[in-house]
Amino acid sequence: MLFRSALEDNPELKSRLHDLIAQIMEPQFIDSSKRYLSDEARQIIMNDPKLYFNFAYASYQGPGWFQKFAKKFNQKVEEGVTDLDTLRDYALQIRKESGNWIIAGSGNKIEKIFDAMP
């Protein structure tokens, strides 16, 4: 709580911290996407800001969770599903049904972010 308050009181620090987090997480995201996503699934994700955000956030939750999400997403793409709205909804469903209450809750938060994105 104190840390969050300190960040709210210092927007410059908050911005710098977000930049550092992105610099740390981007290599993990790139590595996990190459390891666990099929070429077709990776191409879809890399070209859609909402799916990109979802899977970049999955890398924050660790390679094991990323792999679980990727496996299910790959399967959906292999079934021939390429409609972006359907895939976005499915990516959120995977989170919400993860069996981990923290990750399931992140699905609701990401859904709100998706709604705010163009």
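The values are calculated or read from the model by the stated rules, or taken from the named source; none is laboratory data. All values reported here derive from a predicted model rather than from experimental measurement. Neighbour counts run over all protein chains shown; Cβ positions are idealised from the backbone, glycine included. Keep in mind that these areas ignore ligands, DNA and RNA; they rest on the heavy atoms of the full protein, side chains included. Shrake-Rupley method; radii C 1.70, N 1.55, O 1.52, S 1.80 Å.
Please state the relative contact order of the chain as a whole percent: Cα pairs under 8 Å, 6+ residues apart?
Worked out over the chain, it gives 19 percent.
Just how large is the dipole of region 14-118 about the Cα centre, in debye to the nearest 20, putting +1 at every Lys and Arg Cβ and -1 at every Asp and Glu Cβ? Numbers along the way, then the final one.
Working: 15 positive and 14 negative charges, 91 e Å.
With Lys and Arg at +1 and Asp and Glu at -1, about 440 debye.
Given the Cα-Cα distance of residue 15 and residue 79 and 0.36 nm per residue of separation, how much length would full extension add, in nm?
Working: separation 64, 0.36 × 64 = 23.04 nm, distance 4.05 nm.
Gain on stretching residue 15 to residue 79: 19.0 nm.
Say the dipole of region 25-110 comes from +1 at the beta carbon of Lys and Arg and -1 at that of Asp and Glu; which of 52, 102, 25 then lies farthest toward its positive end?
Selected residue: 102.
Along the Cα→Cβ direction, 7 angstrom out, place labels at residue 31 and residue 47. What is the inter-label distance in nm?
With each label placed 7 Å out from Cα toward Cβ, I get 2.8 nm.
Residue 52: net charge of surrounding residues, Cβ under 12 Å, Lys/Arg +1, Asp/Glu -1, itself excluded?
That works out to +1.
Setting aside same-chain residues fewer than 8 positions from residue 50, which lysines have a Cα under 19 Å from its Cα?
34, 68, 71, 72, 76, 96, 109, 112
For region 77-118, what does the alpha-carbon gyration tensor say about shape, rounded, prolate or oblate, given a ≥ b ≥ c as the root eigenvalues, a/c under 1.5 as rounded, and a/b over b/c as prolate?
Since a/c reaches 1.5 but b/c is at least a/b, the shape of region 77-118 is classed as oblate.
Within the accessible area of region 69-118, what % is carbon and sulfur when the probe is 1.4 Å and the other protein chains stay in place?
On the way: 1550 of 3120 Å².
The value for region 69-118 is 50 percent carbon and sulfur by accessible area.
Only helical DSSP H runs with n ≥ 4 go in: add -39500 (n - 2.57) per run for the chain, normalise by residue count and round the 222 nm mean residue ellipticity to 500 deg cm²/dmol. Working shown, then result.
Values: 7 runs with 99 residues, N = 118.
After summing the helix terms and dividing by the residues of the chain, the value is -27000 deg cm²/dmol.
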